[in-house]
Every structure is written in C-alpha cells, then in structure tokens.
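*Asks:* My questions will all concern the structure given below.
Bear in mind that the values in this text are calculations on the coordinates, not laboratory data. None of the values given here were measured: they were computed from a predicted structure. A quick note on method: Cβ atoms are made from the backbone with ideal geometry, for glycine too, and the neighbour counts reach across all protein chains shown.
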Amino acid sequence: AVVLGIESTCDETAAAVVRGRELLSNVVASSMNEHARYGGVIPEIASRAHAEAFVPVVSQALSDARMELADVDAIAVSAGPGLAGCLAVGVSGAKALAWAAGKPLYGINHVIGHIAVTQLQFGDFPEGTLALIVSGGHTSLLHVRDVARQVDVVGSTLDDAAGECFDKIARILGFPYPGGPHIDRHAQTGNPKAIRVPQGLTQGRAGAEHPYDFSFSGVKTAVARWVEEQEDAGRPVPIDDVCASLADSVASVLSRKALDACELYGSHSLIVGGGFSANSQLRAKLAQEGAERGVQVRIPEVKLCTDNGAMVAMLGSNLVQAGVRPSPAGFSIDSVMPLSKICM
Ligand code: ATP
Ligand code: MG
Ligand code: FE
C-alpha cells in the first residue's frame, strides 16, 4: 500500500510517502532555530510554523514521490504524544485531506513510529523483538508482539528522558537548544573517565524492584553540582570531559539494560529509535556490546532517528497491511498518548 505520513508533534513539520517498506519521499521542515534563543520549544511559535509549513511540506512530499493525493491508499498522522496545539494543526490538516480525497486516515502514536521506521532499512521485525526508544520525551524498553496491534512496556524512565537530560545539562554548559548534538560533538574529544557520573538504578538484574527502569534526574543533578563547584573554586570547566563522562554514563546504562532485557525475553534483536538514538556514544556502545552478546542491533541512519514523516508513514503502512481499521472520523489528539495505544 502507498501511505502518506504526516508529522507535527513538536517542532518538525514533516511528510513522507512509503510504498510497503520502500521510502519514496521524505520532507522535513523545522522551526528549531526559532526556539533556540528561548532554550526550549515555544508551543505557540511551533504551532504557527506548522500552520505555515503544512501545505508546502505535504505537496513537496507528494511531488518528490511523483504522486498526487489521489494515488495514495491511506494517510497516517501523528495523533500524539506531543504539544496539543502542534498536534491539532497536523491532525486537522490530515483530516481535511482524507475527507476531501476519500482516503482512510490513521491517527498514530508518534513514539511507536520511531521504532517502525527502522523497517525501511532493516525490513520486518523479528518475532517478539525488544525495542529501545530514546528521545526527547521518552526512554522506554518495549517488547514488540505485533507493532500494528500490541507492544508491552518492559521498563521506562522514572523521571527525565535521556534526550531531556542531555538538553538540560547542555543548557548549563551554555549550548543552544537542542543541546544533545552539541554534547555528542564535544564528547568525541573528551575523556569519558574524567568525571564520575552516577548511573541511576544500576541494579539491572531480575529481583531488583525496577530492573528495566531508568532514572536520569540524578545524573543531571550530579553534573550540575560538579560544574558549579568548579566555577565556585575559580577552576575552568573542562567542557569536553564533562560531555564525554556524561555521554559514557548514559550510553552505558541504556546499552546494558536493553541487552539484559533482550536476554530475559530471548530476543536476538534490538530495535532502537527516537532522536537520542542519533547519539554517537550510544551507537558505538550498542554496536560493541550487541556484538559481544549476540544481539543484532538495528539503529537507523541519523536522519531517520530524529522526527520525520517516514516514521509515521511506515507505522501507517504496518496498520494497513495488518488490516487494522482506520481511526473514526471524530478522533481527537492525545498529547499524552500512552505507548500501549498504537492507533486512535
Ligand atoms: P518524543 O519522540 O519522545 O515525542 P521528541 O520528538 O521531542 O520527543 P525527538 O525529536 O525524537 O524528540 O528527539 C529529540 C531529542 O534527541 C532531543 O532531546 C535532542 O537533544 C536529542 N538528540 C538528537 N541528536 C542527538 C545526539 N546526537 N546526541 C544526543 N542527543 C541527541
Ligand atoms: Mg524536534
Ligand atoms: Fe520524536
């Protein structure tokens, strides 16, 4: 089936067309630069940017795929989770297109889209695979029974997401929003053992209370306090070492728990998705430890990790193929859509 996917959960207005597991076009417009000086996404600015970009981005995605709206079999749009005003623009636009063209419409879960997108590069999921989602708003381990119908949460962060933790520390270090990529770059020339950064909830094995949950707020506090102490003592802050130590700590705990969960579930594959999976240190750690433990790690190329339309179209394609009924005409947005809900 040919599916048009539309994304507007946060600061990216994006659209893409897939045919089955093949990507035909992928267009992303971002309002990121308009938010940089505020240190975070301003919902009103992002919503306005979606209203401006919606038609140009969708029409570009169709023309790049050499198609017209009449040629698609279905439309998928992110219905949540995300910023309510942003979601409302994308969902309203998608409903108008679907209604006018008489196409089925799927209001899908953006976060599940982050894992579905890996199929474009690696093909269908191995049965019962584990998945690690690491993004600006989520850090969770999932057991994927059927990506169109049921995923079970194995563990989640109890406080901050990995991307959120990086963005908050980046702010302390003086990097513009989003700071994750800046920390990644500086970490490449730093010493990862220079500073002791705690790993939250390290007890990774069965028996512990939250064996597959994560906690990153303590990491943030520890790094913030250490930086403050240096400044108070008049010592220069070794930015690269701070970034490298932080990245090493976060990548280590994510990799270890994800691979432990694979072992528990007998999964020889790990799907990885979400904006933070663009992180070099996490990619390197998972590649090495996955190989050591006999787990095939599937992380998509960087441009498919951060928010895009292909992830939405790809999940839509799975839903069409599985025969899941389209969302009802009156479906709403869900800014806190749970991972257990794949489609409205
Ligand atoms: P969610 O998907 O949970 O709704 P989101 O859509 O806002 O959240 P994404 O766009 O998926 O989040 O990911 C953005 C996050 O990824 C930001 O926190 C950003 O700092 C982080 N990020 C992107 N690239 C990197 C990188 N190379 N290293 C570390 N973090 C990164
Ligand atoms: Mg974004
Ligand atoms: Fe996202």
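Conditions (1) under 25 Å from Val89 (Cα atoms); (2) acidic (Asp, Glu); (3) not in a helix (DSSP H, G or I), marked per residue:
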site	(1), (2), (3)
Ser249	no, no, no
Leu254	no, no, no
Gln281	no, no, no
Glu289	no, yes, no
Asn308	yes, no, yes
Leu315	yes, no, no
Ile333	yes, no, yes
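*Asks:* Looking at Val154, Val91, can you tell me which residue is in a helix (DSSP H, G or I), touching a residue at least 24 places away in the same chain (Cβ under 8 Å), buried (at least 18 other Cβ atoms within 10 Å of the Cβ) and away from ligand 3 (no atom under 14 Å from the Cβ)?
*Replies:* After ruling out the rest, the residue left standing is Val91.
*Asks:* With (1) touching a Gly at 6+ places or on another chain (Cβ under 6 Å); (2) outside any helix (DSSP H, G or I); (3) among the hydrophobic types (A, V, I, L, M, F, W, C) as the list, and Phe276 as the residue in question, which single condition is left unmet?
*Replies:* (2)
*Asks:* Scan (1) within 23 Å of Gln119 (Cβ to Cβ); (2) touching a residue at least 40 places away in the same chain (Cβ under 8 Å) for the single condition Asp241 breaks and write down its number.
*Replies:* Failed condition: (1).
*Asks:* When residues of the stretch 98-123 are filtered for being surrounded by fewer than 20 Cβ atoms within 10 Å (Cβ to Cβ) and in a helix (DSSP H, G or I), how many remain?
*Replies:* 5
*Asks:* When you go through Glu22, Glu12 one by one, which is the residue that is of a type in the set (D, E, K, R) and within 16 Å of ligand 3 (Cβ to nearest atom)?
*Replies:* Glu12
*Asks:* Given the condition within 16 Å of ligand 2 (Cβ to nearest atom), assigned to a strand (DSSP E or B) and within 14 Å of the chain's Cα centre (by Cα), answer yes or no: does some residue in the stretch 78-86 qualify?
*Replies:* Yes, there is a match, as at least one residue in the stretch 78-86 is within 16 Å of ligand 2 (Cβ to nearest atom), assigned to a strand (DSSP E or B) and within 14 Å of the chain's Cα centre (by Cα).
Residues checked against (1) buried (at least 23 other Cβ atoms within 10 Å of the Cβ); (2) of a type in the set (Gly, Ala, Ser):
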{"position": "Ala258", "(1), (2)": "yes, yes"}
{"position": "Ala284", "(1), (2)": "no, yes"}
{"position": "Gly290", "(1), (2)": "no, yes"}
{"position": "Asn308", "(1), (2)": "yes, no"}
{"position": "Ser317", "(1), (2)": "yes, yes"}
